[in-house]
Amino acid sequence: MSERPRVVCLCGSSRFREEFDEAAATETLAGRIVLSLGIFSGASGATLSDEQVALLRRLHLQRIDLADEILVINPGGYVGETTAQEIEYARSRDKTIRWLFSSSRQRS
């Protein structure tokens with residue numbers, strides 16, 4: 001039996017759907033299992049209740065728990081508050097942190 005592929009969780013602002021899609025394709029073709037956002041409310045303008053937002057945040061932290069590493073989707077070096085929290089969460093779980101674009105906030 002072959003070794004399990006690495007699992008990567010994509011993290012970043014939901015407004016960057018195109019970049020998430022491109023990263024998912026690239027990571028998949030590189031032989032990695034990709035965990036990504038299920039809803040791109042920032043890109044679509046969808047209105048979510050506070051409860052829905054809390055649910056989505058919890059689910060994303062659980063995706064990070066399942067992953068071997070995270071890939072931060074950060075066009076222009078942008079990292080918002082929620083993404084910064086996800087990075088710190090991943091760091092606290094000793095996950096590998098990769099960045100789609102070089103960033104001054106890169107500290108992994």
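The values are calculated or read from the model by the stated rules, or taken from the named source; none is laboratory data. Bear in mind that the values here come from a model prediction, so they are computed numbers and not experimental data. Methodologically, a virtual Cβ is constructed for each residue, glycine included, from the backbone with ideal geometry; neighbour enumeration extends over all protein chains shown. SASA here: full protein model, heavy atoms, side chains in, ligands and nucleic acids out. Shrake-Rupley method; radii C 1.70, N 1.55, O 1.52, S 1.80 Å.
Would you list the helices (runs of 4 or more DSSP H) that sit entirely within region 1-77 and hold 1 or more residues that are closer than 22 Å to T96 by Cα?
Numbers: elements: 17-29, 41-44, 50-66.
Per the criteria, 17-29, 50-66.
Among what's in region 35-64 and is among the aliphatic types (A, V, I, L, M) and touching a residue at least 24 places away in the same chain (Cβ under 8 Å), pick the residue that is surrounded by the most Cβ atoms within 10 Å (Cβ to Cβ). Reasoning before the result, please.
Residues of region 35-64 among the aliphatic types (A, V, I, L, M): 35, 37, 39, 43, 46, 48, 53-56, 59, 61, 64.
Next cut, touching a residue at least 24 places away in the same chain (Cβ under 8 Å) only: 35, 37, 39, 43, 61, 64.
Details: L35: 21, L37: 23, I39: 14, A43: 16, L61: 15, I64: 19.
Here the answer is L37.
Determine the pairs where a residue that is farther than 11 Å from F16 by Cβ, located within region 76-88, has a partner that is in a helix (DSSP H, G or I) and open to solvent by 90 Å² or more (accessible area, probe 1.4 Å) with Cβ atoms under 9 Å apart, the partner being 6 or more residues away or on another chain.
Cβ pairs passing all conditions: T82/R57; Q85/R57; E86/R57.
Starting from residues that are within 18 Å of P75 (Cβ to Cβ) and of a type in the set (S, T, Y), keep the ones in region 9-34 and report whichever is most open to solvent (accessible area, probe 1.4 Å).
By that ranking, first place goes to T26.
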